[in-house]
Amino acid sequence: MIHSLFLINSSGDIFLEKHWKSVVSRSVCDYFFEAQERATEAENVPPVIPTPHHYLLSVYRHKIFFVAVIQTEVPPLFVIEFLHRVVDTFQDYFGVCSEPVIKDNVVVVYEVLEEMLDNGFPLATESNILKELIKPPTILRTVVNTITGSTNVGDQLPTGQLSVVPWRRTGVKYTNNEAYFDVIEEIDAIIDKSGSTITAEIQGVIDACVKLTGMPDLTLSFMNPRLLDDVSFHPCVRFKRWESERILSFIPPDGNFRLLSYHMLSWDVGKINPQKLPSLKGTMSLQAGASKPDENPTINLQFKIQQLAISGLKVNRLDMYGEKYKPFKGIKYMTKAGKFQVRT
Amino acid sequence: MTDSKYFTTTKKGEIFELKAELNSDKKEKKKEAVKKVIASMTVGKDVSALFPDVVNCMQTDNLELKKLVYLYLMNYAKSQPDMAIMAVNTFVKDCEDPNPLIRALAVRTMGCIRVDKITEYLCEPLRKCLKDEDPYVRKTAAVCVAKLHDINAQLVEDQGFLDTLKDLISDSNPMVVANAVAALSEIAESHPSSNLLDLNPQSINKLLTALNECTEWGQIFILDCLANYMPKDDREAQSICERVTPRLSHANSAVVLSAVKVLMKFMEMLSKDLDYYGTLLKKLAPPLVTLLSAEPELQYVALRNINLIVQKRPEILKHEMKVFFVKYNDPIYVKLEKLDIMIRLASQANIAQVLAELKEYATEVDVDFVRKAVRAIGRCAIKVEQSAERCVSTLLDLIQTKVNYVVQEAIVVIKDIFRKYPNKYESVIATLCENLDSLDEPEARAAMIWIVGEYAERIDNADELLESFLEGFHDESTQVQLQLLTAIVKLFLKKPTETQELVQQVLSLATQDSDNPDLRDRGYIYWRLLSTDPVAAKEVVLAEKPLISEETDLIEPTLLDELICYIGTLASVYHKPPSAFVEGGRGVVHKSLPPRTASSESAESPETAPTGAPPGEQPDVIPAQGDLLGDLLNLDLGPPVSGPPLATSSVQMGAVDLLGGGLDSLIGGTNFVAPPTAAVPANLGAPIGSGLSDLFDLTSGVGTLSGSYVAPKAVGSISMDLQLTNKALQVMTDFAIQFNRNSFGLAPAAPLQVHAPLSPNQTVEISLPLSTVGSVMKMEPLNNLQVAVKNNIDVFYFSTLYPLHILFVEDGKMDRQMFLATWKDIPNENEAQFQIRDCPLNAEAASSKLQSSNIFTVAKRNVEGQDMLYQSLKLTNGIWVLAELRIQPGNPSCTLSLKCRAPEVSQHVYQAYETILKN
């Protein structure tokens, strides 16, 4: 399993190391540095690097390399997914994930990492549960801690870990009960010189922010669920129910989470008048004095369309069972450019 | 007020100061001090000197302080083993704490203290925790067993922890199940032979239930464990697949890929006729495509795996070409992998799109990527014949860009295209020659020189061009020098009159002025060839070159099958079996795909019968072994012979009764009077029924004589050489011959021609042409042939074993793609492996030797220093045999793997190989 973790900044300094088994000398990172030197840009450092006795698996996020060391055959995706989870957790805890912030919160970081893996096996990776175990720092708490000597560490048993809904903690209470869902679609496309589409696809997600008291059981149905045939769900979604009725039925985690993501290669854009094809034109002007770009630069487009999911996906209704109160519900749609590239 | 304050140090004795603070009476000061210690530790400072002071802080009710001390202990216990003992008591006490969080924390930390002395104290608390009422403690304890095993494996076995762990697979809590599986899997990795994860349908059911309820990480452990299970039949395989399929929709890509592994493996057992098989194929594409929209690191691992999947089952992603198109800001490692898969998926249907993309990529900025894109265009040309012309013109367009490295790559691939399609695209040579001066990379220079030499007769100024290279001969790399030498010799052989001076110049440069032994040797060989026998030189140097293969980088089928079992692991990223790279060779078990079950196989065979062997032609080797004797005795041999009355059920050839009364006396007596006929053995096939051959000195050979094996050139030219000696006292006449029904329908194609009567002691040699259109019956052994020879005196029965290679037909070369498909398609249980010892041939020699016996090399590859020959052969009855011959230079033994739908022929094919190779 995962042996050690090194955090390395882009100038090649190891600024944090954590070992879950025996200590691996940081000299193992020399192999990483070699690879880093060979790759001209940080993004191009290969994610899997073999060394004589270990393997280094890395992700590059927020200008930091998260380098995991493994010694035996471990599924690389497992390690990389875990590293992403580490990044997400740091971001969740500290608002930003950066070298100064990590250094500022090194003890919390260390405590969190200790809770995330045991002997290299994932232990608690849901931020809900981690936050129960290790309290995220707030300015107020830091001040209070220094004065009163209380700590970041909770003395609760992470109850969620034992229940059948390990993603939700028990005893959640809100005065305002609300559930918001954002349907966000990104269009990835490559447009060639002549303006015709080479590839186009939609990467869609439904992100949720659910703040509901108790153990609410939600169902969410779509007007046109047929659009979704390539879907990945949050573990809370009952797959059987989706298979049989095309309804999302779930006990939500507390707070922000990604309910599902989906993928579409073709979609219906409605009627277009062939006489008047819609077209979008733009000009690109270089700043005075800027050097001329390569012969054929590729242009990355950014755009946003509010209140529209380009695929036509529409939520039909959202119902809550299991709790008595009436929650406030909201659905928002948005379409934006993902990797939308125009070749020139 | 952040943790960074812990890093500020005073110049004067930091450790000393911390020590004082740790021993402070004030709780708060103590805790702050421990925090400082931890902070120093995390940035790699050595604070081990504080060990006793930190341990003293351990006895506390403050959970945070306890945790911090535990953190410290885990880091430094190893360097202070004696001190670590001090902590044991607290641990043991904490393992009894009413709070399960504390119990779990204690057992978890204790396992992390990698000190032998502590492990003994760990056993009792661990045993309790494994049976704790709280699942959180049990699940933590399960992992602790793996930790302990890492420190002291023997102890874990002696204490019976492994059995307890196995019991936890049936725990009621899914997380405990998942952790038990994870722990057992890790332990099993260091004990490959152990039966730790002994799975049966009941435990599989438990795992499948837990799969739905445990965390994403637990699902990965369980799926990876499931993948090692071998379902007992296709129905069980299908039911597992059905329960695993929902995992394909999981948000965690590692769960998805592990599920893909299980499905790819168990699919192998399902009949292709099943509706479910098609459904499953369709379900696999979307999750794989989705993986490509994840972060680049995940994409990379996914792409490496998809590369294997498209080689194993191209149908899954054949319509998804577009998702592999490269985005300009993909990291280079993703770009290169996508390119590779694009070429694998390229087909006539999508080649236009692919080429347009490749051309686009060839104008990007990243040099490595551009080079690979240009090469990819060449590979497309070679792979999709219909596109070759378009590829060549695309390459020419790229050459016009005059971008130096693009031109050079293009020339290298055009050379390969010339090799693949001779006499088709040579018109472009002129364009290539224009760029001669810009080539500065050895590979491109060598390719260009090869082209000039190879087509010297079409290039008017070939001599000038080559001469221009000669000036800087000694500055060139070896590759270029060798190529230049060969090219000039070719030129000389084609235009001897004008180039004599040039060839002498290069020969002297190579042989006299060079320090490179390879170059000198090649120079001398040419020199001598040219001076002794120019005709032979021409034959050697201008020999026709074999066609180059289409895809040089396909993974060989056996390795591919093994790698499919390793989807999602490091092995799948490196495309090497774990045995090739796993540290310390911890005895890796080879995995293999499950065989298709019998029921599905029979259902499938009509559809998947290999080329050229429609079902009808499938071996009719089937008729049961009947009453051979009766068959033989009922031969229609003209005038009834004396006394063949016995239709006994004894199948034993040479049984005395066979010849019945007429020869009774002869056979019965040891001092027989000269028996009345004989055939001296041709050396093939040990005679069966020694009684008979003893008596009659009679045996026959099929094929050719004494060791010189001449393969039949076509079906029908098989012949049997007989030597008949009359050892009787009277003249023999009226010879006739008949074969019993046999496995391959061998039958005399003409009457036995013994023209003159055979006098006593006279010998006659006859070659009897054979056909393979006789009636068929499966014999035991398969290559057994029973023959009856009749003459005026009696009928004589004998049997012989013929070598199988006489049945190898000339059109036994299978198409490469077909070979791969067939190899995959034949179930693994049909594979047979043999060692051929004492055969010190290299791959070329073996290949040409085998080819002369109609065993054809379909592809050749070098894998880790071993030469792998992939060969095919076809028997007269349409059975295809696929072979993989592995030759290791320097090792006189080679390994032969055979795959055939009629596995009973393998043994005989192996014998044929041995005979041919050793001759």
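Relative contact order for the stretch B:806-918 using alpha-carbon pairs under 8 Å, separation at least 6, rounded to a whole percent?
On the way: 212 pairs, mean separation 36.8, N = 113.
It rounds to 33 percent for the stretch B:806-918.
Could you list, in their original order, any pairs among A:Lys21/B:Lys591; B:Lys31/B:Lys166; A:Lys281/B:Lys402; B:Lys778/B:Lys899 whose Cα atoms are separated by more than 30 Å? Could the numbers behind the result be given before it?
Details: A:Lys21/B:Lys591 28 Å; B:Lys31/B:Lys166 41 Å; A:Lys281/B:Lys402 33 Å; B:Lys778/B:Lys899 20 Å.
Flagged as over cut-off: B:Lys31/B:Lys166; A:Lys281/B:Lys402.
Starting from the 7 Å offset along Cα-to-Cβ, what nm value, one decimal, do you get for the label separation of B:Leu470 and A:Ser27?
Placing both labels 7 Å beyond Cα along the Cβ direction yields 5.5 nm.
When we measure straight from the Cα of B:Lys29, which lysines land under 26 angstrom away, once same-chain ones fewer than 8 places off are left out?
Within the straight-line limit of under 26 Å, B:Lys29 reaches these lysines: A:Lys18, A:Lys103, A:Lys131, A:Lys135, B:Lys5, B:Lys11, B:Lys12, B:Lys19, B:Lys45, B:Lys66, B:Lys67, B:Lys93.
Ranked from the most accessible area to the least, with a 1.4 Å probe and all protein chains present, what is the order of A:Trp242, A:Trp167? The partial results should precede the final answer.
On the way: A:Trp242 5, A:Trp167 30 Å².
From most exposed to least exposed: A:Trp167, A:Trp242.
Please find the FRET efficiency linking B:Leu547 to A:Glu43, where r is the Cβ-Cβ separation and R0 is fixed at 41 Å, and quote it to the nearest 0.05. Don't skip to the answer; put the middle values down first.
Numbers: r = 41 Å, r/R0 = 1.01.
Between B:Leu547 and A:Glu43 the formula returns 0.50.
Per 0.36 nm of contour for each residue apart, how much would the distance between B:Asn862 and B:Val535 grow if the chain were fully extended, relative to their Cα-Cα spacing? Write down the numbers at each step before the final one.
On the way: separation 327, 0.36 × 327 = 117.72 nm, distance 3.32 nm.
Here the segment from B:Asn862 to B:Val535 would lengthen by 114.4 nm.
What spacing in nm lies between the two simple spin-label points modelled at B:Asn212 and B:Asn200, each 7 Å away from Cα in the Cβ direction?
Label-label distance for B:Asn212 and B:Asn200, simple model: 2.4 nm.
For the pair B and A, how large is the buried accessible area, both sides, in square angstrom to the nearest 100, if the probe is 1.4 Å?
On the way: alone 40430 and 20210 Å², together 52630 Å².
Using a 1.4 Å probe on protein heavy atoms, the buried area is about 8000 Å².
Which net charge results for the neighbourhood of B:Leu898, defined as the other residues with beta-carbon distances under 10 angstrom from its beta-carbon, given Lys and Arg at +1 and Asp and Glu at -1?
Values: positive: B:Lys899; negative: B:Glu831, B:Glu884.
With Lys, Arg at +1 and Asp, Glu at -1, the neighbours total -1.
Please report, in cubic angstrom per residue, the volume enclosed by the convex hull of the alpha-carbon atoms of chain A.
Details: hull volume 72.0 nm³, N = 344.
Convex hull of Cα atoms, per residue: 209 Å³.
Take every DSSP beta bridge with both residues inside the stretch B:704-802 and express the antiparallel ones as a percent of the total, to the nearest 5.
Values: 22 of 23 bridges.
Percentage antiparallel, nearest 5: 95.
Let's test the formula: R0 of 41 Å, r as the Cβ-Cβ distance of A:Thr344 and A:Arg226. What FRET efficiency results, to the nearest 0.05? Don't skip to the answer; put the middle values down first.
Values: r = 37 Å, r/R0 = 0.91.
Computed FRET efficiency for A:Thr344 and A:Arg226 comes out at 0.65.
Show me, for the stretch B:130-140, the HN-Hα J-couplings you get by feeding each phi into the Karplus relation (A = 6.51, B = -1.76, C = 1.60, θ = phi - 60°), rounded to Hz, glycine and proline as x.
Values, residue by residue: 5, 10, 4, 6, 8, x, 4, 6, 4, 5, 5 Hz.
Expressed in nm², what is the orientationally averaged projection area of the convex hull enclosing the Cα positions of the stretch B:704-802?
Values: hull surface 26.5 nm².
So the Cα hull casts an average projection of 6.6 nm².
Can you divide the C-alpha Rg of the stretch A:1-144 by 2.2 N^0.38 Å and report the result to two decimal places?
Values: Rg = 14.9 Å, N = 144, 2.2 N^0.38 = 14.5 Å.
For the stretch A:1-144, the normalised Cα radius of gyration is 1.03.
Can you compute the charge dipole magnitude of the protein assembly as shown about its Cα centre, using +1 on each Lys and Arg Cβ and -1 on each Asp and Glu Cβ, nothing else charged? Give it in debye, rounded to the nearest 20.
Details: 125 positive and 157 negative charges, 815 e Å.
Around 3920 debye, computed over the protein assembly as shown.
Please list 3J(HN,Hα) in residue order for the stretch A:195-202, calculated via the Karplus relation 6.51 cos²θ - 1.76 cosθ + 1.60 where θ = phi - 60°; whole Hz, with x for glycine and proline.
x, 8, 7, 8, 9, 8, 8, 10
Rg and Dmax in Å for the stretch B:806-918, alpha carbons only: what are they?
12.8, 37
With the contact rule set at Cα under 8 Å and sequence spacing of 6 or more, what percent relative contact order holds for chain A?
Working: 602 pairs, mean separation 52.3, N = 344.
Normalised by residue count, the contact order of chain A is 15 percent.
Find which of B:Ser40, A:Thr335, A:Tyr55 sits farthest along the positive direction of the dipole of the protein assembly as shown, computed with +1 on the beta-carbon of Lys and Arg, -1 on that of Asp and Glu, about the Cα centre.
A:Thr335
For A:Ile272 paired with B:Asn461, estimate the spin-label separation in nm (one decimal), with each label point 7 Å from Cα along the Cα-to-Cβ line.
5.3 nm
List the chymotrypsin sites (Phe, Trp or Tyr not before Pro) in the stretch A:258-330 that DSSP assigns to loop (not H, G, I, E or B) and whose Cβ has at most 14 other Cβ atoms within 10 Å. Which are they?
Values: sites: A:Tyr262, A:Trp267, A:Phe303, A:Tyr321, A:Tyr325, A:Phe328; in loops: A:Trp267, A:Phe303, A:Tyr325.
Counting only loop positions with at most 14 other Cβ atoms within 10 Å, the chymotrypsin sites (Phe, Trp or Tyr not before Pro) in the stretch A:258-330 are A:Phe303, A:Tyr325.
So what are the ³J(HN,Hα) numbers for the stretch A:90-104, from phi and the Karplus equation (6.51, -1.76, 1.60; θ = phi - 60°), rounded to whole Hz, Gly and Pro as x?
So the Karplus estimates, Gly and Pro as x, are 4, 5, 5, 6, 10, x, 10, 10, 8, 4, x, 5, 5, 5, 5 Hz.
Would you mind working out the accessible area per residue for the stretch B:40-79, using a 1.4 Å probe, and quoting it in Å²? Provide the component values of the computation, followed by the final result.
Values: 1290 Å² over 40 residues.
Averaged over the residues of the stretch B:40-79, the accessible area is 32 Å².
What's the carbon and sulfur percent of the stretch B:704-802's accessible surface, probe 1.4 angstrom, rounded to a whole number? Show your work: numbers first, answer last.
Details: 2090 of 3890 Å².
On the stretch B:704-802, the fraction of accessible area on carbon and sulfur atoms equals 54 percent.
Can you pull the Kirkwood radius for the protein assembly as shown, inverse mean 1/r over Cα pairs, to one decimal in Å?
Numbers: mean 1/r = 0.0274 Å⁻¹.
Here the Kirkwood hydrodynamic radius works out to 36.4 Å.
Per DSSP H run of at least 4 residues, take -39500 (n - 2.57); add these up for the protein assembly as shown, divide by its residues and hand me the 222 nm value, nearest 500 deg cm²/dmol.
On the way: 45 runs with 523 residues, N = 1263.
Value at 222 nm, helices only: -12500 deg cm²/dmol.
So, R0 is 56 Å and r is the distance between the beta-carbons of B:Leu281 and B:His755; what FRET efficiency does that work out to, to 0.05? Working shown, then result.
Numbers: r = 66 Å, r/R0 = 1.18.
Step by step, r from the Cβ atoms, then E = 0.25.
Can you find, among B:Ala446, B:Gln481, B:Ser719, the residue farthest towards the positive end of the dipole of the protein assembly as shown? Put +1 on the C-beta of Lys and Arg, -1 on that of Asp and Glu.
Of the listed residues, the answer is B:Ala446.
Need one number: the % of Cα-Cα pairs in the stretch B:441-532 sitting beyond the 17 Å mark. Write down the numbers at each step before the final one.
Details: 1720 of 4186 pairs.
So the pairs more than 17 Å apart make up 41 percent of the total in the stretch B:441-532.
Holding the Cα-Cα limit at 26 Å, pick out from A:Lys193/B:Lys424; B:Lys261/B:Lys282; B:Lys312/B:Lys849; B:Lys322/B:Lys383 the pairs that are longer than that.
Values: A:Lys193/B:Lys424 33 Å; B:Lys261/B:Lys282 15 Å; B:Lys312/B:Lys849 32 Å; B:Lys322/B:Lys383 19 Å.
Checking Cα-Cα distances, A:Lys193/B:Lys424; B:Lys312/B:Lys849 exceed 26 Å.
The values are calculated or read from the model by the stated rules, or taken from the named source; none is laboratory data. In this text, all values refer to a predicted model and were calculated from it rather than measured experimentally. Quick reminder, even Gly has a Cβ in these numbers, built from the backbone with ideal geometry, and neighbours come from all protein chains shown. Please note that ligands, DNA and RNA were not included when accessible areas were found on the heavy atoms of the full protein model with its side chains. Shrake-Rupley method; radii C 1.70, N 1.55, O 1.52, S 1.80 Å.
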